[in-house]
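Just below is one structure, and these are the notes that go with it.
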Amino acid sequence: MQARCLGRLKKEAEDIRNNFDGVLELDIKDESQMCWHVRFRGAEGSVYNGEVFTLQFKFSEDYPIESPEVIFVGIPPEHEHVYSNGYICLSTLYSDWTPALKVSAVTMSILSMLSSAVVKQKPANDAQAVVWMKNKSPKKVNWMFEDDKC
Amino acid sequence: MAQETKELSIQFKDQGNLWYSQKDYQKAIELYSRAIMINDNNPTFYLNRAKCFKMLKTFDKQYQDSLKAIELDDSYIKAYIVNGEALVELGKNDKNTAKIEKGILRMKKALNMCFKQNQKNFEKEIQTSLKKAEKIKWYKQTEIDSHDKERLMYQIRGKMDNHQDDQDILGRFEKYLNQTDPRYEETKNQAREHRSTHKEIPDFLICRITDDLMEQPVVIQSGFTYEKSAILKHFQINGNIDPITRQSVDPNILIPNHYLKQATEYYLERNPWAFQYIPGELYLQYHM
């Protein structure tokens, strides 16, 4: 199982370097390759134009069958589905995950989620939610997916 | 007395096995060597030590020990595999593919013995080793071919110095060489770096979960094909949906896709590099 996950991750890394050059910047954080940082720029014409964001992907040995843990690190974008601790409310990261998804596809769908926002706005319950999400993996949070964008 | 020393040597071997399972190969080698000092007639002691040398990438010693094991017991399947693997590794640094081919023969012999001794349990392991060996042979052959051609071009160019007409002929000749062997252009630089350039395996041979060729392709209710172990694990973790279409499926419907399996074997025979292929891989770092 371990070998399978590493093989696919190596291919994904190569795919990002070859096919997303200039869009996604990959930074593999640890030697065993189980933690990646992916940097990207807010889309032109969106409210995040030019801002740089970093997503952190943590993979388990059962990746891609088990979803990766994905959060924003550094300063997260101000968005109604992104909490100030970097947690993201997006169903494909949790209940709607399928192993046919990849790091590049996940990042692009987060980028498009940001691009469709018209105003910068934190989630309504941000302060409160951040408190009760403390020390909890985003995958363990009971997300309520309110609308189809989410 | 003889019985006592025999028991002692077995004790050393067992301790060696313990260190081996702890991945302390130096310590394991020490203990197997002690066992051999007392009793140098037991092929298992040599083979276990050979496996330690394999883990430490000391391939010449792996070769010697596994050969000794074969000498002591010429029906020792495992010893043929380990010996063949050592030959393939040693052959990587040669100027021809002789050693690699010899290694492949050893593995084929092991496979034959499996059939004769009716020992199914090694079969899969040998098949995997054979595919790895064929892949290494392909890389080696490609490297040799491109070196040969480059040297040839260099020599001809030297002889044709300053003759404009001949230079044109030379250009056409080089173009011809590239056409007859599409690997040539691609591998010219690759041979120097021992790094593969980007190659494509057709999507229809690839499992969307493992992103690799399939060992046991199975069709599920949606009509898509996946690696059996991966799709079973997916059902267990993510529920009974198709990974690509997300439609609900009956997890009990898993039909072996025999034709796709055949197609994969056919493809691998012609493209040995595709086995466990990772773009940009360094072939010298690809081990048996």
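Here B:Y25, B:Y80, B:Y63 are screened, and the one residue that is assigned by TED's automatic domain parsing to the domain that holds B:K120, touching a residue at least 24 places away in the same chain (Cβ under 8 Å) and open to solvent by 40 Å² or more (accessible area, probe 1.4 Å) is B:Y63.
Please go through segment B:243-254 and give me each residue that is within 8 Å of chain A (Cβ to nearest Cβ) and of a type in the set (A, V, I, L, M, F, W, C), ordered by number.
Hit for segment B:243-254 is B:I244, nothing else.
State all residues of segment A:76-88 that are of a type in the set (A, V, I, L, M, F, W, C) and within 9 Å of A:P138 (Cβ to Cβ); if no residue qualifies, say none. Matches in segment A:76-88: A:I88 only. Of the residues that make up segment A:37-56, is at least one under 12 Å from the mean Cα position of the chain (by Cα), among the aromatic types (F, W, Y) and under 30 Å from B:Q236 (Cα atoms)? No: segment A:37-56 contains no residue that is under 12 Å from the mean Cα position of the chain (by Cα), among the aromatic types (F, W, Y) and under 30 Å from B:Q236 (Cα atoms).
When only residues in segment B:230-242 that are within 30 Å of the chain's Cα centre (by Cα) and surrounded by 18 or more Cβ atoms within 10 Å (Cβ to Cβ) count, which is farthest from the other protein chains (Cβ to nearest Cβ)?
B:I231
Among B:M288, B:M214, which is within 14 Å of another protein chain (Cβ to nearest Cβ), touching a helix residue (DSSP H, G or I) at 6+ places or on another chain (Cβ under 7 Å) and either of a type outside the set (S, T, N, Q) or open to solvent by less than 30 Å² (accessible area, probe 1.4 Å) (or both)? When all the criteria are applied, what remains is B:M214. Filtering A:L24, A:L9, A:L55 for residues that are of a type in the set (A, V, I, L, M, F, W, C), within 14 Å of another protein chain (Cβ to nearest Cβ) and open to solvent by less than 50 Å² (accessible area, probe 1.4 Å) leaves a single hit, A:L9.
Picking from residues in segment A:59-94 that are over 13 Å from the mean Cα position of the chain (by Cα) and of a type in the set (D, E), the one that is surrounded by the fewest Cβ atoms within 10 Å (Cβ to Cβ) is A:E61.
When we screen A:V47, A:V106 for residues that are touching a Lys or Arg at 6+ places or on another chain (Cβ under 8 Å) and surrounded by 15 or more Cβ atoms within 10 Å (Cβ to Cβ), the only hit is A:V47.
Scan segment B:243-283 residue by residue and report those that are surrounded by 13 or more Cβ atoms within 10 Å (Cβ to Cβ) and aliphatic (A, V, I, L, M). Across segment B:243-283, the qualifying residues are B:I244, B:V249, B:L254, B:L260, B:A263, B:L268, B:A274, B:I278. Among the conditions (1) at pLDDT below 95; (2) part of a helix (DSSP H, G or I); (3) closer than 20 Å to B:E125 by Cα; (4) not β-branched (V, I, T), B:S75 misses just one, which is (2). Any residue in segment B:154-166 that is under 30 Å from B:C114 (Cα atoms), of a type in the set (S, T, N, Q) and at pLDDT 80 or above? Within segment B:154-166, not a single residue is under 30 Å from B:C114 (Cα atoms), of a type in the set (S, T, N, Q) and at pLDDT 80 or above.
Quick grid of which residues meet (1) in contact (Cβ under 8 Å) with a residue 60 or more places away in the chain; (2) within 14 Å of chain B (Cβ to nearest Cβ); (3) in contact with a Lys or Arg (Cβ under 7 Å, 6 or more places away or on another chain):
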{"site": "A:H37", "(1), (2), (3)": "no, no, yes"}
{"site": "A:V73", "(1), (2), (3)": "no, no, no"}
{"site": "A:S95", "(1), (2), (3)": "no, yes, no"}
{"site": "A:L111", "(1), (2), (3)": "yes, no, no"}
{"site": "A:P123", "(1), (2), (3)": "no, no, no"}
{"site": "A:F145", "(1), (2), (3)": "no, no, no"}
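The values are calculated or read from the model by the stated rules, or taken from the named source; none is laboratory data. Fair warning: this is a prediction, and the values are worked out from it, not measured in the lab. When we count neighbours, we look across all protein chains shown, and the Cβ atoms used for this are built from the backbone with ideal geometry, even at glycine. What goes into the accessible areas is simple: the full protein's heavy atoms, side chains included, and nothing from ligands, DNA or RNA. Shrake-Rupley method; radii C 1.70, N 1.55, O 1.52, S 1.80 Å.
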